[in-house]
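See below for the structure under consideration.
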Amino acid sequence: MLTSPTEAPRRARPAYRNFRVAVSRVERLSPTFVNVTFTGDDLSDFGTAGLDQRVKVVLPLEANGFASFPDGEDWYTTWRELPGEQRNPFRTYTVRAVRPEQREVDVVFACHGDVGPASAWAGRAKAGDEIVLIGPDEFGSGRTLGIDWRPGEVDTLLLAGDETATPAICAILESLPADATGAAFLEVPESGDRLDVRAPAGVEVRWLARAVPGAAHAAPGSAHADHGSLLAPAVRDWVVRHLADLGVSRAGTDESAAALAAAERDDLPDTPLWDVPAGHSLDGACYAWLAGEASVITGLRRFLVREAGLDRRQVAFMGYWRRGRAELE
Ligand SMILES: Cc1cc2nc3c(=O)[nH]c(=O)nc-3n(C[C@H](O)[C@H](O)[C@H](O)COP(=O)(O)OP(=O)(O)OC[C@H]3O[C@@H](n4cnc5c(N)ncnc54)[C@H](O)[C@@H]3O)c2cc1C
């Protein structure tokens, strides 16, 4: 186990900081999902705000682990100044669960093979492996930094995402009050990736599997269905069926959300695809939270705003990853 950072006086702590941790357990939840439990001496101080709270998972260098990884609030500036071979790669993940009393944090990785350092690491993770989490300090200034779920006071909730957003959607669903209403759509690689999740009775939870064992190829739901090819039409159908509840101004047109997502794919700017409204209260209205592959999510947002007529302040959209591109560090 690596040593913990020196204890700073509680009031002076930053919102986010390094936690040097080790894997204590690895549980394969499904063909795609792996839950990795981290433990560390100072995880008792890890922030517990939950929901879609994000962390950076810093991965070891093959040559020297974390010997060159900087501690301290200004770690990013120092890290950027290091020669390339001394820079530990890091990626963004969601805190699935926090148990401060047990000094434990869970992160659920959607494994997509060895093409990225985080997925490759998660696929082989075992008890004792050391990493660094950059996450919220319970006693820091602004520990809710990194939470984008801000529904305000609305009647109807709509959550939609792919496997990378599944941990966040599950954590959000489990936090909702019993009288919450709405729907959650989770598009995952396989039918076996459907996870157990608690949700209020009024929130419909729909799992959409891109590959169904034994299905013919080239159709949605087959081994070759594209990211978003199930999510976009499912959300569209639901929105059209619930227009009255949502209080939106007009119905969708014949242009499908899937077609919008496909058109978006070739037309993405190089800037992060992210917009999180500040948490407006639109009486009786819907709040939509969308996260996953950037082109799919951007297409869905365009459908909700341009076609279905939702106010853009009602839609939070987050491109969690981009097809064909590694995460920008
Ligand atoms: C706020 C936030 C929260 C997130 N939470 C989670 C989470 O809890 N669990 C989780 O699994 N992911 C989560 N992600 C997504 C995760 O950060 C990305 O999938 C990341 O790119 C994975 O890093 P990597 O090293 O495996 O691949 P990278 O090195 O970043 O990418 C390598 C290649 O893999 C592709 N790729 C990346 N992710 C996938 C994927 N899922 N499926 C197929 N191809 C992919 C890229 O397009 C690229 O071509 C989150 C992202 C954000 C921004």
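The values are calculated or read from the model by the stated rules, or taken from the named source; none is laboratory data. Just so it is clear, the model here is predicted, and its values are computed rather than measured. For neighbour counting, all protein chains shown are included, and Cβ atoms are generated from backbone atoms with ideal geometry for every residue, glycine included. In case anyone asks, the SASA skips ligands and DNA or RNA and just uses the protein heavy atoms, side chains included. Shrake-Rupley method; radii C 1.70, N 1.55, O 1.52, S 1.80 Å.
Worth a mention:
- Some residue of the stretch 83-93 being within 22 Å of Gly146 (Cα to Cα) and in a helix (DSSP H, G or I): no
- Test for Glu130: is it touching a Lys or Arg at 6+ places or on another chain (Cβ under 8 Å), charged (D, E, K, R) and either outside the structural domain of Ala291 (by TED's automatic domain parsing) or under 19 Å from Asp42 (Cβ atoms) (or both): yes
- Candidates Val98, Val108 - the one that is farther than 30 Å from His242 by Cβ, in a strand (DSSP E or B), touching a residue at least 12 places away in the same chain (Cβ under 8 Å) and within 16 Å of the ligand (Cβ to nearest atom): Val98
- Meets criteria (open to solvent by 30 Å² or more (accessible area, probe 1.4 Å) and at pLDDT 90 or above) for Gly84: yes
- Among the residues of the stretch 288-329, the one identified as within 16 Å of the ligand (Cβ to nearest atom), assigned to a loop (DSSP other than H, G, I, E, B) and either more than 17 Å from the chain's Cα centre (by Cα) or under 20 Å from Ala183 (Cα atoms) (or both) is Gly324.
- Matching option when the condition is outside the structural domain of Thr32 (by TED's automatic domain parsing), basic (Lys, Arg), closer than 27 Å to Gly319 by Cβ and at pLDDT below 95, among Arg143, Arg206: Arg143
- Looking at Leu29, Leu59, Leu51, just one residue is within 16 Å of the ligand (Cβ to nearest atom), at pLDDT 95 or above and open to solvent by 10 Å² or more (accessible area, probe 1.4 Å), and that residue is Leu29.
- For Ala180: the one exception among (1) over 30 Å from Asp71 (Cβ atoms); (2) aliphatic (A, V, I, L, M); (3) not assigned by TED's automatic domain parsing to the domain that holds His227: (3)
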